[in-house]
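Participant: Attaching a single structure in C-alpha cells format; questions to follow.
The values are calculated or read from the model by the stated rules, or taken from the named source; none is laboratory data. The shown structure was predicted, so the numbers you read here are calculated from the model rather than taken from an experiment. Here the Cβ positions follow ideal geometry from the backbone for every residue, glycine too, while neighbour counts run over all protein chains shown. All accessible areas refer to the heavy atoms of the entire protein, side chains included, with ligands and DNA or RNA removed. Shrake-Rupley method; radii C 1.70, N 1.55, O 1.52, S 1.80 Å.
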Amino acid sequence: MSMIKKKDNNYGRITDNKYFKQVTEITKLYDKTQKIYDELANLEKKGLKDSDEYETLKGLISSCLKMETKYFSKIDNLNSKEMKNLIDQICNLNYEVKDGEDVDQDDKIEEILEKTNLYKTDKIKRLLARFRDYSLKRVESFDNENEEIEEEEENELLYETQVPVSLPGKSAMVPYSELEKLMDKYSGEIDPERTKENEEEILTKKIKNDAKYFKDEIINIGLLNRIEEEIQKTNNKHLKNILIDYKYNLIYTFESLEKYFALTKKDQKRNETIEIPVDFNELYKSISYKVALLAGDNTDEYQSNYNEELEEEIKYKITELKSKEYDDTISKEMNKLDKKIDKMYIESLISAIKDENALTNIIEYANVAENDPIDLEFKNDLIDIKKRSKEMKLKL
C-alpha cells in the first residue's frame with residue numbers, strides 16, 4: 001500500500017479534487033494514530049497490557065477518534081460524485097490491476113480491506129474503511145433527494161426537453177422531468193402520495209445501510225474475539241506476536257471495533273449506569289440480539305443485505321480455502337497460521353448468520369464440495385464448517 005499519490009490520468013490531478021485537502025488532514029491524523037497502536041502492541045508483547053502506560057495510550061485513541069469524527073463532520077457529502085471520484089483515484093493508486101482484469105470500485109475496496117490479510121495495515125486501508133462505515137451512517141446515504149445523478153442519467157437530462165422557468169431573481173432552463181419537483185418546492189404544495197413514497201424509499205435504504213453496517217460490525221467483533229482466544233493459547237512467541245499485531249491492525253482499521261476499544265477503564269465505569277457493554281464478548285451478544293430484532297421487523301431487507309450476502313461470502317471463502325496453496329517463501333508455521341485465520345474468518349461469517357435457510361444452504365454447499373476430489377486437510381475443514389453451521393442452526 002502506498003500513500004495518497006498526486007496524479008491519476010483518468011481524473012486529472014488528485015490534488016484538484018475539492019476534498020483532497022480535507023482527506024490529507026485526516027490521513028495525517030491516521031499516521032499519529034497508527035504510532036499509538038504500534039506502541040500498544042509492543043506493550044502487550046512485553047506483558048504490560050494492564051499497565052498505566054497502556055491505559056493512558058488507550059485514552060489517546062479516544063481523542064484521535066473524536067478528532068476524526070470532527071474532520072468527517074466537516075465533509076459536506078460522503079456520497080457526492082466528486083467524493084466518489086476521489087475514492088476511485090485512491091483505489092486505483094493502491095490496487096494493482098492484473099492484465100485483462102476489470103474490477104469495479106467496491107471490489108477494489110473489498111480486496112484492499114481483506115480481513116484475512118491484515119498482517120499489515122496503513123492509513124489508506126483505514127481511510128477506505130471509514131469512508132464506507134461513515135457513508136452507511138450518514139443521512140445523505142439514504143436520503144434519495146441527495147443522491148448523485150448517475151452519469152448516464154445526467155447525459156439524458158442534457159438532451160431532455162427543457163422549459164424556461166422564472167425563479168426569484170433570475171430565469172433558468174429546467175429539464176421537463178424536474179419541473180414538477182421545482183414547482184412543488186416554490187409553491188409550497190407537496191403531493192402527499194409522492195411524499196409518502198419518498199419516505200418509504202428513504203426508510204428502505206436506511207434499513208439496507210443498517211443491515212450492511214451491523215453485518216460488518218458483528219463479523220469484525222467475531223474475528224477479533226477469535227484472534228484474542230488464539231493469542232491466549234499460542235505458546236510460540238513469534239506467532240503470538242504476529243497475532244498481537246494482527247489484532248491491533250484490525251482494531252485500527254475498522255471504526256466498529258475502535259469505538260469500543262477506545263473506552264478506558266474510567267469510560268467503562270461511567271458507562272455502567274447506561275449499560276454499554278465494553279467487553280467484546282458481551283458486545284457481540286448485544287449486537288447479535290439487536291440484529292435479530294431488526295431482522296425480524298424488516299425481513300426482506302435483512303434477508304438480502306445481511307443473510308444472503310453472508311451466505312455468498314462464505315461460499316466464496318470455502319472455494320478460496322479449497323484452492324489455497326502453501327507459500328514456499330514463508331515458514332510452515334506461518335502457512336498454518338494463515339490457514340487458521342482464514343478458518344476463523346469463515347467461522348465469524350457463519351456465526352453472524354440469523355437465518356436457518358442460509359445455514360442449510362452452506363451445509364449443502366459444503367456437502368457438494370466434499371464430493372469433489374479433495375485432500376484430507378480440506379475435508380476436515382469442511383467438517384468443521386458444517387459442524388459450526390449446524391451449531392448455529394440449533395441456536396436460532
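Participant: What are the pairs, 6+ residues apart or on separate chains, where a residue within the range 63-76 that is more than 16 Å from ARG138 (Cα to Cα) and in contact (Cβ under 8 Å) with a residue 24 or more places away in the chain has its Cβ under 8 Å from a residue that is open to solvent by less than 90 Å² (accessible area, probe 1.4 Å) and among the polar types (S, T, N, Q)?
Facilitator: Listed by first residue and then by second, the contacts come to CYS64/THR33.
Participant: Further, regarding this structure: Looking at LYS339, LYS343, LYS317, can you tell me which residue is crowded, with 16+ Cβ neighbours inside 10 Å, closer than 20 Å to ILE231 by Cα and modelled with pLDDT of 95 or more? Before the answer, list the steps.
Facilitator: Details: LYS339 fails: modelled with pLDDT of 95 or more; LYS317 fails: closer than 20 Å to ILE231 by Cα.
Just a single option satisfies the conditions, and that option is LYS343.
Participant: A further question follows. Hey, any hits in the range 320-334 for a residue that's under 30 Å from ALA211 (Cβ atoms) and not in a helix (DSSP H, G or I)?
Facilitator: Scanning the range 320-334 turns up at least one residue that is under 30 Å from ALA211 (Cβ atoms) and not in a helix (DSSP H, G or I).
Participant: Please indicate, with yes or no, whether at least one residue in the range 42-52 is in a helix (DSSP H, G or I), farther than 20 Å from ILE244 by Cβ and open to solvent by 40 Å² or more (accessible area, probe 1.4 Å).
Facilitator: No, the conditions are met nowhere in the range 42-52.
Participant: Residue by residue through the range 275-310, note down the ones that are within 25 Å of GLU229 (Cα to Cα), touching a residue at least 24 places away in the same chain (Cβ under 8 Å) and acidic (Asp, Glu).
Facilitator: none
Participant: Still on this model: Residues in the range 271-287: is at least one modelled with pLDDT of 75 or more, open to solvent by 10 Å² or more (accessible area, probe 1.4 Å) and of a type in the set (Ser, Thr, Tyr)?
Facilitator: Among the residues of the range 271-287, at least one is modelled with pLDDT of 75 or more, open to solvent by 10 Å² or more (accessible area, probe 1.4 Å) and of a type in the set (Ser, Thr, Tyr), which makes the answer yes.
Participant: Considering only residues that are open to solvent by 70 Å² or more (accessible area, probe 1.4 Å) and among the aliphatic types (A, V, I, L, M), look in the range 350-384 and name the one that is modelled with the lowest pLDDT.
Facilitator: So, considering only residues that are open to solvent by 70 Å² or more (accessible area, probe 1.4 Å) and among the aliphatic types (A, V, I, L, M), the one modelled with the lowest pLDDT is LEU376.
Participant: Can you name the condition, by its number, that ASN94 falls short on among (1) buried (at least 16 other Cβ atoms within 10 Å of the Cβ); (2) over 27 Å from LEU224 (Cα atoms)?
Facilitator: (2)
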